[in-house]
1. Among the residues of segment 152-173, which ones are surrounded by fewer than 22 Cβ atoms within 10 Å (Cβ to Cβ) and part of a helix (DSSP H, G or I)?
2. Out of everything in segment 174-208 that is within 13 Å of the chain's Cα centre (by Cα), modelled with pLDDT of 85 or more and not in a loop (DSSP other than H, G, I, E, B), what residue ends up being surrounded by the fewest Cβ atoms within 10 Å (Cβ to Cβ)?
3. Regarding residue 186, is this residue closer than 26 Å to residue 203 by Cα and free of Cβ contacts under 8 Å to residues at least 24 places away in the same chain?
4. Report yes if some residue within segment 137-151 is outside any helix (DSSP H, G or I), surrounded by 19 or more Cβ atoms within 10 Å (Cβ to Cβ) and modelled with pLDDT of 85 or more; otherwise report no.
5. For residue 211, all conditions in the list (1) at pLDDT 85 or above; (2) surrounded by 15 or more Cβ atoms within 10 Å (Cβ to Cβ); (3) in a loop (DSSP other than H, G, I, E, B) hold save one; what is the number of the exception?
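The values are calculated or read from the model by the stated rules, or taken from the named source; none is laboratory data. Just so we're clear, the structure is a prediction, and the values are computed from it rather than from any experiment. All Cβ positions, glycine included, derive from the backbone under ideal geometry; neighbour counts span all protein chains shown.
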């Protein structure tokens, strides 16, 4: 499902080169559940952006669901994300002028699908069946993130990337989001790749890659029976 080979990313900062990631190489099987952890500044979010095709590496390559991202132009990468990739962000990123139901419908309507029944089904799946007509400002942080999770799964993505999905939530609500994402990974076989500081969320992943100073310093797997 996901393969990166000798991935590096360097930026110019104050006229000097700053290497954020260096020689990142790993593979992730379909249906896998990977947590990327490490201290602030270790390159986690940069790596997530490269894996999702939101940025290009300085060297190396990413192959996403059989597609070499380096070989695709911006339009082709955007089309690939729209068809096969879902995203969940720390800041929810819901459209404030749309209801919960309408927010979930957006990725479906962009694909020309009849969206309302699918969106309502997903809101029910995340425990918000009675909240579809509410706007984001009328929902709690946890409810907004559940809408974001439902939206991320709307187009039946092959892989979902999440950047600190519990970062703005209290412990109890964050635990609920962790359970929800693990359930959807298990039931829908969607591959999950999460950047997180949340030890509970990282513990639910079947594999954990630890970054420090832009390099992989740990790569551990847990058995299905321990998950």
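1. 171, 172, 173 - these are the residues of segment 152-173 that are surrounded by fewer than 22 Cβ atoms within 10 Å (Cβ to Cβ) and part of a helix (DSSP H, G or I).
2. Only one residue fits best here, namely 191.
3. yes
4. For segment 137-151, residues outside any helix (DSSP H, G or I), surrounded by 19 or more Cβ atoms within 10 Å (Cβ to Cβ) and modelled with pLDDT of 85 or more: present.
5. Every listed condition holds for residue 211 apart from (3).
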